[in-house]
Amino acid sequence: MPLRGRGARYTRARHLVEWALHQAYRGHWPARLTRAVGMQRTVRVVRHQLAIPGIEPLRIAFASDLHAGPTTHPSVHDEAFAQLAAAKPDVLLLGGDYVFLHAHYIHAIADRLSALHPPLGIYAVMGNHDLWADDAEIARALTSAGARILINERVELRPGVALAGLDDPWTGTPPTRPLFEATDRARIVLVHAPEAMLDLEDEPFELALCGHTHGGHIALPGEIPVLVPGPLSRRYAHGRHDVGDGRTLIVSRGVGSTEVALRTYADPDILVVDLGSPVRLPSS
């Protein structure tokens, strides 16, 4: 498919691959076949707690890599959005890569997103596939559905609780540091890929959320990823990581599929993260 967005690193080889897949996957048969033979994986809900003293409890729901298109069956999105609604988050964060191959698939995501109304809002960043497809069309659809698009921008969710939404670290524009203000007590980074840690270096934050890796998508038993792009995506292929100085990075496996509809040992997921004061256990 031709480059329609502002993303970098869209090579001629990538263009030829996407054009060939667009032709080969007409009718969305990869997603339909995977579901028909019973190999479509259930979307997990992965829960985390993070103690941040001095803030009112905050529940975050996070979804990434929805990849609407010929390799992700609509029922996967139905399942993921039902779980996002059931989590009853204070805020919903979206980690990019909403489509695969063409921007017009975004409307399948926007239609489902418009039914969610978390009290502190919906915030979204862009991924590499969005910046290659047509990020302007994708942004318009998400905005119409109630999301606010962040491109290297800080917003305050509550007094003392700030969110910085960053552009994709591989194909987008690097952020200007510092990301946060001195009065921020809880600092949350929303970005598409773990490679953002290279741009952030020693930037202070409490929590960073990202996707991009798919947990390898095709992984070996024990959830060992076979192929993950980039050194930090391999290092942080999925799950929770201490990245030093009291900073926590949590990486989602994402929801949808790209070149291959089938997932093995890398089930799709959404994250639910509860922030707040440390839990005090009753004394025995």
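The values are calculated or read from the model by the stated rules, or taken from the named source; none is laboratory data. Only a predicted model underlies this, so the values are computations on that prediction, with no experimental measurement involved. Cβ atoms come from the backbone with ideal geometry, glycine included; neighbour counts cover every protein chain shown.
Structural remarks
- Index of the failed condition, H15 passing every other in (1) of a type outside the set (G, A, S); (2) within 23 Å of A139 (Cα to Cα); (3) modelled with pLDDT of 95 or more: (3)
- Segment 91-144: number of residues that are more than 15 Å from C210 (Cα to Cα) and aromatic (F, W, Y): 3
- Considering segment 169-186, and only residues there that are without any contact (Cβ under 8 Å) to a residue 40 or more places away in the chain and under 20 Å from I149 (Cβ atoms), the residue that is surrounded by the most Cβ atoms within 10 Å (Cβ to Cβ) turns out to be P169.
- Qualifying residue in segment 132-141 (condition: in contact with a Phe, Trp or Tyr (Cβ under 9 Å, 6 or more places away or on another chain) and not in a helix (DSSP H, G or I)): no
- Evaluated against (1) in contact with a strand residue (DSSP E or B) (Cβ under 9 Å, 6 or more places away or on another chain); (2) loosely packed, with under 15 Cβ neighbours inside 10 Å, G222 falls short on exactly one condition, (1).
- Only one of V260, V272 that is out of contact with any helix residue (DSSP H, G or I) (no Cβ under 7 Å at 6 or more places or on another chain), among the hydrophobic types (A, V, I, L, M, F, W, C) and assigned to a loop (DSSP other than H, G, I, E, B): V260
- Residue within segment 238-250 that is under 14 Å from the mean Cα position of the chain (by Cα), of a type in the set (G, A, S) and surrounded by 19 or more Cβ atoms within 10 Å (Cβ to Cβ) present: no
- Flag if M126 is under 18 Å from the mean Cα position of the chain (by Cα), buried (at least 22 other Cβ atoms within 10 Å of the Cβ) and at pLDDT below 95: no
For every residue, the table says whether it meets (1) out of contact with any Leu (no Cβ under 8 Å at 6 or more places or on another chain); (2) within 27 Å of Y265 (Cβ to Cβ); (3) among the small types (G, A, S).
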{"site": "G7", "(1), (2), (3)": "no, no, yes"}
{"site": "R12", "(1), (2), (3)": "yes, no, no"}
{"site": "L16", "(1), (2), (3)": "yes, no, no"}
{"site": "H28", "(1), (2), (3)": "yes, yes, no"}
{"site": "A31", "(1), (2), (3)": "yes, yes, yes"}
{"site": "V37", "(1), (2), (3)": "yes, yes, no"}
{"site": "V43", "(1), (2), (3)": "yes, yes, no"}
{"site": "V46", "(1), (2), (3)": "no, yes, no"}
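- One residue from V125, V91 being of a type in the set (V, I, T) and under 11 Å from L142 (Cβ atoms): V125
- In segment 9-116, counting only strands (runs of 3 or more DSSP E) that sit wholly within it, the ones holding 1 or more residues that are among the aromatic types (F, W, Y) and surrounded by 15 or more Cβ atoms within 10 Å (Cβ to Cβ) span 58-63.
- Where a residue in segment 19-43 is under 20 Å from W132 (Cβ atoms) and its partner, wherever it lies, is at pLDDT 95 or above and loosely packed, with under 14 Cβ neighbours inside 10 Å, with Cβ under 6 Å and at least six apart: none
- Out of E181, E201, E195, sole residue that is of a type in the set (D, E, K, R) and within 17 Å of V125 (Cα to Cα): E195
- Residue that is nearest to I270 (Cα to Cα) [pool: residues in segment 192-226 that are among the small types (G, A, S) and in contact (Cβ under 8 Å) with a residue 60 or more places away in the chain]: G211
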